[in-house]
Amino acid sequence: MTDPLPYLPNARPRRLRRTPAMRRLVRENRLHAADLVLPVFIREGLTEPAAISSMPGVRQHTRDSLKQVAADAATAGIGGVMLFGVPAVRDAEGSGATDPDGILNVALRDVKSEVGSDLVVMSDLCLDEFTDHGHCGVLAADGTIDNDRTLVRYQDMGVCQADAGADIVGTSGMMDGQVGAVREALDRNGSSDTAILGYAAKYASAFYGPFREAVDSALTGDRLSYQQDVANRREGSREIALDLAEGADLVMVKPAMAFLDVLADAARMSPVPVAAYQVSGEYAMIEAAAANGWIDRRRAVLESLTGIKRAGADITLTYWALEVAEWIRDA
Ligand code: PBG
C-alpha cells in the first residue's frame, strides 16, 4: 500500500490542534487586560454623553461620565486611558491646549483625582483638536506647518499636561524633534517622572476618518506633509529610531492593522515597550460589518487584537478595551 502522506509523514501539526485544552496549551499569544489602553473623548460644555455616529458604542464624555469611565477602567484592570479633549473654542495657535483650564487639562485633573495611581493616565499631546484650522501644528505665513514654532507649543502643552497629572504624554503630531523638545521642557519643569509615548511611526491614514467626527475636527486639507506616506516601511524604522534617540519611553505604530510589518520592525528594534493604535476606522469597519451580520463581531475583535499582539505590540490602544477586558477575564 502506498503511504497516504508520502512526504514528511511525521509532520502532523494537527496533533496540537486536536482539543481545546491542547490548543490552549500551545497558544503563542494571549490578550491581557493590562496591555489594553482605552482612548476616551471629553468634550467641553457637554451636559450628557454624546454618541459618535461613525463609532457605534463610543461616546464623547462629559466631565462626570469621563470620571465614571476612568473608574470602570481601573476596576476592569486595563492598562490605562488615553485622553483626547474637544474644546468649545479653537484658534490658530491652539491656545486651549496650554490653558490650565482648557478641557484636556481639566479632564486630566478630574481623572487623576478619581483613579490616583491605580490607572495609567495618558494624554494626547497634539494641537489638532485645539486649532481652528485643524492641523497638528501652527501655520507659517505661507500656510505651511511651522515645525519648530510648533515644538515650542508642544513643550508648553507637555508641561501643562504634566502639571495636570498625566503619567504619560503621547506626542502624536509628527513634527520632527517633538520627543526631544518635550523631554527637555518636562525636565526643565521638574517633571522628569512624566513619560513620553512617541507616536513614532504614524501614517497619513484613511482609517482616521471616524476620529475626525469624534473630535469635531476642523481640518479641511490633509496631513501628508507631516504624517508618513502609507507606502513606506523603512521610513517607519527611521522614525522609531529617532524617537528612541530623543528619549521616548515607549514608541507607537499607528494605525495597527494595515501596518503590522512596521509594528514587527519596531518590536524587533526597540529596547522600550512598543504600542500599537487600533484606530477609529479599524473599529468602525468591524462594527459596521458586524452590524450587517457579515462577520462575528466578538471573534473579529479578538482576532484583530491577537494579530496586533502577534505582530509585536506590547500595548494596544483600542476602543474595545473595556469590553475585551470583560471577555478575556478568564481566558
Ligand atoms: C491627532 C490624532 C489623530 C488620531 C489620534 N491622534 C488623528 C489624525 O492624526 O488625523 C486618530 C485616532 C483614531 O483614528 O482613532 N492628534
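Filter the stretch 154-188 down to residues that are open to solvent by 20 Å² or more (accessible area, probe 1.4 Å) and either free of Cβ contacts under 8 Å to residues at least 12 places away in the same chain or more than 21 Å from residue 116 (Cα to Cα) (or both), then give me how many there are.
Of the residues in the stretch 154-188, 9 are open to solvent by 20 Å² or more (accessible area, probe 1.4 Å) and either free of Cβ contacts under 8 Å to residues at least 12 places away in the same chain or more than 21 Å from residue 116 (Cα to Cα) (or both).
For the stretch 224-240, give me each residue that is farther than 13 Å from residue 176 by Cβ and either basic (Lys, Arg) or open to solvent by 40 Å² or more (accessible area, probe 1.4 Å) (or both). Working first, answer last.
Pass one, the stretch 224-240, residues farther than 13 Å from residue 176 by Cβ: 224, 229-234, 236-237, 240.
Hits for the stretch 224-240 are 224, 229, 230, 231, 232, 233, 234.
Given 106, 69, which one is open to solvent by less than 70 Å² (accessible area, probe 1.4 Å) and either under 22 Å from residue 163 (Cβ atoms) or out of contact with any strand residue (DSSP E or B) (no Cβ under 9 Å at 6 or more places or on another chain) (or both)?
106
Looking only at the stretch 210-249, how many residues end up being among the small types (Gly, Ala, Ser) and modelled with pLDDT of 95 or more? Working first, answer last.
Kept after step one, since they are among the small types (Gly, Ala, Ser), are these residues of the stretch 210-249: 214, 217-218, 221, 225, 231, 236-237, 241, 245, 247-248.
Still in the list and also modelled with pLDDT of 95 or more: 225, 231, 236-237, 241, 245, 247-248.
Total meeting the criteria: 8.
Looking only at the stretch 107-127, decide whether some residue is polar (S, T, N, Q), free of Cβ contacts under 8 Å to residues at least 60 places away in the same chain and within 13 Å of the ligand (Cβ to nearest atom).
Checking the stretch 107-127: at least one residue is polar (S, T, N, Q), free of Cβ contacts under 8 Å to residues at least 60 places away in the same chain and within 13 Å of the ligand (Cβ to nearest atom).
Right, residue 89: under 19 Å from the mean Cα position of the chain (by Cα) and either under 21 Å from residue 109 (Cβ atoms) or surrounded by fewer than 17 Cβ atoms within 10 Å (Cβ to Cβ) (or both) or not? Step through it out loud before you land on a result.
Working: under 19 Å from the mean Cα position of the chain (by Cα): no; either under 21 Å from residue 109 (Cβ atoms) or surrounded by fewer than 17 Cβ atoms within 10 Å (Cβ to Cβ) (or both): yes.
Taking the combined requirement at face value, the residue does not satisfy it.
Would you please name the residue that is farthest from residue 201 (Cα to Cα), looking only at residues in the stretch 222-245 that are within 16 Å of the ligand (Cβ to nearest atom) and part of a loop (DSSP other than H, G, I, E, B)?
Step by step, filter the stretch 222-245, then rank; the result is 222.
Taking residue 31, is it touching a Leu at 6+ places or on another chain (Cβ under 7 Å) and in contact (Cβ under 8 Å) with a residue 60 or more places away in the chain?
Considered against the rule, which asks whether it is touching a Leu at 6+ places or on another chain (Cβ under 7 Å) and in contact (Cβ under 8 Å) with a residue 60 or more places away in the chain, residue 31 comes out as yes.
Within the group 258, 248, which residue is within 15 Å of the ligand (Cβ to nearest atom), in contact (Cβ under 8 Å) with a residue 40 or more places away in the chain and more than 13 Å from the chain's Cα centre (by Cα)? Steps first, please.
Working: 248 fails: within 15 Å of the ligand (Cβ to nearest atom).
Selected residue: 258, the only one of 258, 248 that is within 15 Å of the ligand (Cβ to nearest atom), in contact (Cβ under 8 Å) with a residue 40 or more places away in the chain and more than 13 Å from the chain's Cα centre (by Cα).
Can you name every residue in the stretch 199-220 that is open to solvent by less than 60 Å² (accessible area, probe 1.4 Å), touching a residue at least 40 places away in the same chain (Cβ under 8 Å) and either in contact with a Leu (Cβ under 7 Å, 6 or more places away or on another chain) or within 11 Å of the ligand (Cβ to nearest atom) (or both)?
199, 202, 203, 205, 208, 209, 210, 211, 214, 215, 217, 219
Limited to the stretch 289-321, what total is found for residues that are in a helix (DSSP H, G or I), open to solvent by 50 Å² or more (accessible area, probe 1.4 Å) and of a type outside the set (Asp, Glu)?
5
The values are calculated or read from the model by the stated rules, or taken from the named source; none is laboratory data. Computed from a predicted structure; not experimentally measured. In this analysis, Cβ positions are derived from the backbone assuming ideal geometry, glycine residues included, and neighbour counts consider all displayed protein chains. Only protein heavy atoms, including side chains, enter the accessible area calculation; ligands, DNA and RNA are left aside. Shrake-Rupley method; radii C 1.70, N 1.55, O 1.52, S 1.80 Å.
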